[in-house]
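**Q** Below are the structure tokens for one structure; questions will follow.
The values are calculated or read from the model by the stated rules, or taken from the named source; none is laboratory data. This one's a predicted model, so the numbers in the text were calculated from it and none came from an experiment. Note: ideal-geometry Cβ built from the backbone for every residue, glycine included; neighbour counts use all protein chains shown.
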Amino acid sequence: MPHGQTQSLNPPESGASFLPPEAALVSGRLREVHLRPGLSMYASDICDLQDLDVSLPLPPGLLLVMALSGQADVSYGAKRFQLGPQRGRDDDLQHEGLALTLTEPEAFVRRLRTGSRRRVISLALGPQWLDESQEALGAPPRLTAFRSTHLAAQRWQLSPRLLAMAGDLLETPGSPSPLQGLYLESRCLEMAAEALTAITGGETAPSTGLRPREQRRLTALCDFLDSGEADELSLQALAERIGMSSSALQRNFRRHTGLSVFDYQRRRRLANARVALERDGISVGEAAHLAGYTSQANFATAFRRQFGLQPGRLRKRG
């Protein structure tokens, strides 16, 4: 297939060391291990044998990508990245990881180039794992904002310990035994902890001062907001629904999510508008109305701030 065309590949079997069905594309090892629901590790130690753009669908979640050697030219949706170690000012190799949020399914493209070699470890933290780990992770405002913004991206400097752990994971053989699975999971959790610390800048979740009952009511309110059934309700109506005053709701909601009720709703409506633009091909004006904006210009500005691109670029064509 000539350079510039894209070919889709299906993900490998869990835990397998393999070459893709089109075995002439690469040589080496590609591996996928599902450690628990919502937590997966992907490892590649390969050399490209052709010039080809390979496409894969990715589900929502938080991706942590660590290129240990070589260069990887990749895209996630509309964002393109060059991953791999770079020479620093003192001529030492600098290794950076990439953290990326997907709030919806997105296309991933990897550009194969003949003779290119690379070693990459990626962790996929799905919504289920992130939600179940929320108590341990806390809810630092930076992490909450990062998780809620589609294609939000941040790089961080890989520590020597993380590089060593990632190298060990690449060498771990075959499908893991139960004990090997525990070893892999412990290493992946330690790597994820370093990445999340970098995303938050070491910020810890502030003490909310909320009682368990208040936390449960606010969690239920977030589910209600996400359903769309609350779009026409006032702040007073929402407050009455969970038995708080309007001022208490605003104060406690920000403690619970790091956002005001208005900002939470705005982010959700913009995300729905993006899905409608990409999937249904609605006009920018219709998307603005769906997101609750009367001005297309204001909608475009808010959309660009949240997603990093103009809404017109996402509209489905024919």
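**Q** Please give the helices (runs of 4 or more DSSP H) falling wholly within region 146-247 in which 3 or more residues are at pLDDT below 85 and among the hydrophobic types (A, V, I, L, M, F, W, C). Show your work before the answer.
**A** On the way: elements: 160-171, 178-200, 212-227, 235-242.
Passing ranges, in order: 160-171, 178-200.
**Q** Out of all the residues in region 249-267, which are without any contact (Cβ under 8 Å) to a residue 60 or more places away in the chain and closer than 15 Å to Arg216 by Cα?
**A** Result: Leu249, Asn252, Phe253, Arg254, Arg255.
For (1) crowded, with 17+ Cβ neighbours inside 10 Å; (2) modelled with pLDDT under 90, each residue gets a yes or a no:
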{"position": "Pro37", "(1), (2)": "no, yes"}
{"position": "Ser40", "(1), (2)": "yes, no"}
{"position": "Pro59", "(1), (2)": "no, no"}
{"position": "Leu63", "(1), (2)": "yes, no"}
{"position": "Ala67", "(1), (2)": "yes, no"}
{"position": "Asp73", "(1), (2)": "yes, no"}
{"position": "Gln82", "(1), (2)": "no, no"}
{"position": "Pro85", "(1), (2)": "yes, yes"}
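**Q** Output the qualifying pairs, or none if there are none: Cβ atoms under 7 angstrom, residues six or more apart or on different chains, first residue in region 215-241 and closer than 21 Å to Ala291 by Cβ, second residue of a type in the set (D, E, K, R).
**A** Leu225/Arg268; Asp226/Arg268
**Q** How many of the residues making up region 288-300 are farther than 25 Å from Leu100 by Cα and outside any loop (DSSP other than H, G, I, E, B)?
**A** Qualifying residue count, region 288-300: 6.
**Q** What are the residues in region 255-285 that are within 17 Å of Phe224 (Cβ to Cβ) and touching a Pro at 6+ places or on another chain (Cβ under 9 Å), if any?
**A** Answer for region 255-285, where residues must be within 17 Å of Phe224 (Cβ to Cβ) and touching a Pro at 6+ places or on another chain (Cβ under 9 Å): Thr257, Leu259.
**Q** Look at region 68-127 and say how many of its residues are out of contact with any Lys or Arg (no Cβ under 9 Å at 6 or more places or on another chain), assigned to a loop (DSSP other than H, G, I, E, B) and under 30 Å from Arg268 (Cβ atoms).
**A** Adding up the residues that qualify gives 3.
**Q** Look at Leu49 and say whether it is out of contact with any helix residue (DSSP H, G or I) (no Cβ under 8 Å at 6 or more places or on another chain), over 24 Å from Ala164 (Cβ atoms) and touching a residue at least 60 places away in the same chain (Cβ under 8 Å).
**A** So Leu49 passes the test.
**Q** Within region 108-136, count every residue that is surrounded by fewer than 15 Cβ atoms within 10 Å (Cβ to Cβ) and either under 12 Å from the mean Cα position of the chain (by Cα) or of a type in the set (Gly, Ala, Ser) (or both).
**A** 2
Residue by residue, here is whether (1) of a type in the set (A, V, I, L, M); (2) touching a helix residue (DSSP H, G or I) at 6+ places or on another chain (Cβ under 9 Å); (3) not assigned by TED's automatic domain parsing to the domain that holds Ala239; (4) not in a loop (DSSP other than H, G, I, E, B) holds:
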residue: Arg269; (1), (2), (3), (4): no, yes, yes, yes
residue: Val275; (1), (2), (3), (4): yes, no, yes, yes
residue: Ile282; (1), (2), (3), (4): yes, yes, yes, no
residue: Ala302; (1), (2), (3), (4): yes, yes, yes, yes
residue: Gln306; (1), (2), (3), (4): no, yes, yes, yes
